[in-house]
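Let me begin by presenting the structure, written as structure tokens, before commenting on it.
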Amino acid sequence: MNAVLEKISRIGIVPVVKIDRAEDAVPLAKALCQGGLPCAEVTFRTDAAAAAIKAMTENFPQMCVGAGTVLNAEQVDAAVAAGAQFIVSPGLNPNTVKYCIGKNIPITPGTSSPSDIEQAIELGLDVVKFFPAEQSGGLAKIKAMAAPYVNMKFMPTGGINAKNLTSYLDFNKIIACGGSWMVPGDLINAGEWDKIEQLTREAVQTMLGFELAHIGVNAENADEAEKTAERFGYIFGMPAKAGNSSVFAGTALEVMKTPYLGRHGHIAVRTNYIDRAVNYLSTVLGVEFDESTAKKDAKGGLKAIYLKEEIGGFAVHLVQK
């Protein structure tokens, strides 16, 4: 997959924005970045699109900014000249796709049928937009089309919102979802940047789904760990279960048989998508991770990793749900 599309995959959500006034681009970009989504697909449905892309990329170089609703080579040139890093089109125009490939800029053309997918494969693409997603059959149709086209991945847009976002992202053939629910046009035109930032932050939190998994307590030895877990379990009706390095009381408390990370112990926070959580926490919030603590699953995917810092005397680690 193209490096820009891999970056989009780590972000998970692509805000699709329609900007009528170029002067709105900078405060909008700031709201998106502060809300946790340093990404935007600026649609070429207004005369302000190119200027808006230029303003965003110049003032927020960390953002991944692309152009949407691109219909021809002239618009590709205008978008690239303004600083667009990727191109999105509502349909699959072979001429536009070939032009982008010749310019070495990633394009995700709109598709909604197996015939579209086969054209995309013939053109050498491995990621396509699925549009309009909900109106074209939604997740069920993406899954049906993904079955015979095993190497194709999708970026659905159209009807995606906070309620159905994670159902789409749970399918591993979907790299990200495009949507405008966090950047509605009326708020952009009214300059309601605080509200857009809040909606963006809510979208990120919905996607990542952070929640407490368990608390780990450091014990001096195995006997102390067993006694602590059994006492906790007796009081609160949580059966103790011994493992190789710790004893659990239910799923809420883990008592380490020997002192481990953290002055007092550790706190585990589970998330829907650990790779996207790491990307968000590190690139947006500046959180650092201890790569030596990373644990992988059988397929090489990240399933747990510790932060470098302690919070309140506790080490903290993320775990994949």
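Give all pairs with beta carbons closer than 6 Å in which a residue from the range 34-59 that is assigned by TED's automatic domain parsing to the domain that holds W181 meets a residue that is among the polar types (S, T, N, Q); count only pairs at least 6 apart in sequence or on separate chains.
Pairs that qualify, where the first residue is assigned by TED's automatic domain parsing to the domain that holds W181 and the partner is among the polar types (S, T, N, Q), are G35/T200; L37/T200; P38/Q62; T43/T69; F44/T69; F44/Q75; R45/T69.
Can you name every residue in the range 167-180 that is in contact with a helix residue (DSSP H, G or I) (Cβ under 7 Å, 6 or more places away or on another chain), part of a loop (DSSP other than H, G, I, E, B) and closer than 30 Å to A25 by Cα? Give the derivation first.
Quick first cut of the range 167-180, residues in contact with a helix residue (DSSP H, G or I) (Cβ under 7 Å, 6 or more places away or on another chain) only: 167-169, 171, 173-177.
Right, trim to part of a loop (DSSP other than H, G, I, E, B) and you get 171, 173, 175-176.
Selection gives I175, A176.
Could you list, in sequence order, all residues of the range 101-119 that are of a type outside the set (G, A, S), part of a strand (DSSP E or B) and within 15 Å of P132 (Cα to Cα)? Please lay out each step first, then the result.
From the range 101-119, those of a type outside the set (G, A, S) are 101, 103-109, 111, 114, 116-119; that's our starting set.
This time we only want the ones that are part of a strand (DSSP E or B), so: 107-109, 111.
Listed by number, the residues that qualify are T108, P109, T111.
Could you give every pair whose Cβ atoms fall below 7 Å, whose first residue belongs to the range 294-313 and is among the hydroxyl-bearing types (S, T, Y), and whose second residue is surrounded by 10 or more Cβ atoms within 10 Å (Cβ to Cβ) and modelled with pLDDT under 95, counting only separations of at least 6 or pairs across chains?
Pairs that qualify, where the first residue is among the hydroxyl-bearing types (S, T, Y) and the partner is surrounded by 10 or more Cβ atoms within 10 Å (Cβ to Cβ) and modelled with pLDDT under 95, are Y306/L261.
Given the conditions (1) within 21 Å of the chain's Cα centre (by Cα); (2) surrounded by fewer than 18 Cβ atoms within 10 Å (Cβ to Cβ); (3) hydrophobic (A, V, I, L, M, F, W, C), which single one is not true for I305?
I305 satisfies all of (1) within 21 Å of the chain's Cα centre (by Cα); (2) surrounded by fewer than 18 Cβ atoms within 10 Å (Cβ to Cβ); (3) hydrophobic (A, V, I, L, M, F, W, C) except (2).
Of all the residues that make up the range 279-301, how many are outside any loop (DSSP other than H, G, I, E, B) and not aromatic (F, W, Y)? Before you say what the answer is, go through the steps one by one.
We begin by selecting, within the range 279-301, every residue outside any loop (DSSP other than H, G, I, E, B); these are 279-283, 289-296.
If we keep only those that are not aromatic (F, W, Y) too, we end up with 279, 281-283, 290-296.
Number satisfying all stated conditions: 11.
Taking I235 as the residue in question, decide whether it is within 18 Å of R10 (Cα to Cα) and among the hydrophobic types (A, V, I, L, M, F, W, C).
Working: within 18 Å of R10 (Cα to Cα): no; among the hydrophobic types (A, V, I, L, M, F, W, C): yes.
Answer is no for this residue.
Looking only at the range 130-161, which residues are touching a Leu at 6+ places or on another chain (Cβ under 9 Å) and either β-branched (V, I, T) or without any contact (Cβ under 8 Å) to a residue 60 or more places away in the chain (or both)? Break it down into steps so the answer makes sense when it comes.
Initial filter on the range 130-161 (touching a Leu at 6+ places or on another chain (Cβ under 9 Å)): 133, 152-153, 155-156.
Matches in the range 130-161: A133, M152, P156.
Being of a type in the set (F, W, Y) and either at positive phi or surrounded by 15 or more Cβ atoms within 10 Å (Cβ to Cβ) (or both) is the requirement here; does F236 meet it?
Details: of a type in the set (F, W, Y): yes; either at positive phi or surrounded by 15 or more Cβ atoms within 10 Å (Cβ to Cβ) (or both): no.
No; evaluated as a whole, the condition is false for this residue.
Identify, please: which residue in the range 246-272 is over 33 Å from the mean Cα position of the chain (by Cα) and part of a loop (DSSP other than H, G, I, E, B) and is, among those, surrounded by the most Cβ atoms within 10 Å (Cβ to Cβ)?
Among those that are over 33 Å from the mean Cα position of the chain (by Cα) and part of a loop (DSSP other than H, G, I, E, B), it is K257.
Residues are listed down the side, and each one gets a yes or a no for (1) farther than 30 Å from G243 by Cβ; (2) of a type in the set (S, T, Y); (3) within 20 Å of the chain's Cα centre (by Cα):
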residue: Y149; (1), (2), (3): yes, yes, no
residue: N161; (1), (2), (3): yes, no, yes
residue: M207; (1), (2), (3): yes, no, yes
residue: F210; (1), (2), (3): no, no, yes
residue: I215; (1), (2), (3): no, no, no
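Which of the residues that make up the range 132-166 are surrounded by 14 or more Cβ atoms within 10 Å (Cβ to Cβ), of a type in the set (S, T, N, Q) and in a loop (DSSP other than H, G, I, E, B)?
Correct list: N161, N164.
For A249, which of the numbered conditions (1) touching a residue at least 40 places away in the same chain (Cβ under 8 Å); (2) touching a Gly at 6+ places or on another chain (Cβ under 7 Å); (3) not acidic (D, E) fails to hold?
Going through the list (1) touching a residue at least 40 places away in the same chain (Cβ under 8 Å); (2) touching a Gly at 6+ places or on another chain (Cβ under 7 Å); (3) not acidic (D, E), A249 breaks only (1).
Please determine whether any residue of the range 205-225 is aromatic (F, W, Y), within 30 Å of S167 (Cβ to Cβ), touching a residue at least 24 places away in the same chain (Cβ under 8 Å) and assigned to a helix (DSSP H, G or I).
Step one: of the range 205-225, the residues aromatic (F, W, Y) are 210.
From the residues that got through so far, the ones that are within 30 Å of S167 (Cβ to Cβ) too are 210.
Those left that are additionally touching a residue at least 24 places away in the same chain (Cβ under 8 Å): 210.
Then keep just the ones that are assigned to a helix (DSSP H, G or I); that gives none.
The answer is no, given that none of the residues of the range 205-225 is aromatic (F, W, Y), within 30 Å of S167 (Cβ to Cβ), touching a residue at least 24 places away in the same chain (Cβ under 8 Å) and assigned to a helix (DSSP H, G or I).
For the range 55-76, does any single residue satisfy the condition of being more than 17 Å from the chain's Cα centre (by Cα) and within 20 Å of A190 (Cα to Cα)?
Of the residues in the range 55-76, the ones more than 17 Å from the chain's Cα centre (by Cα) are 55-61, 67-76.
Restricting the remaining residues to those that are within 20 Å of A190 (Cα to Cα) gives 55-56.
For the range 55-76, residues more than 17 Å from the chain's Cα centre (by Cα) and within 20 Å of A190 (Cα to Cα): present.
The values are calculated or read from the model by the stated rules, or taken from the named source; none is laboratory data. Note that the structure is a prediction, hence the values are computed from the model and not measured. Cβ sites come from the backbone with ideal geometry, for glycine too, and all protein chains shown count toward neighbours.
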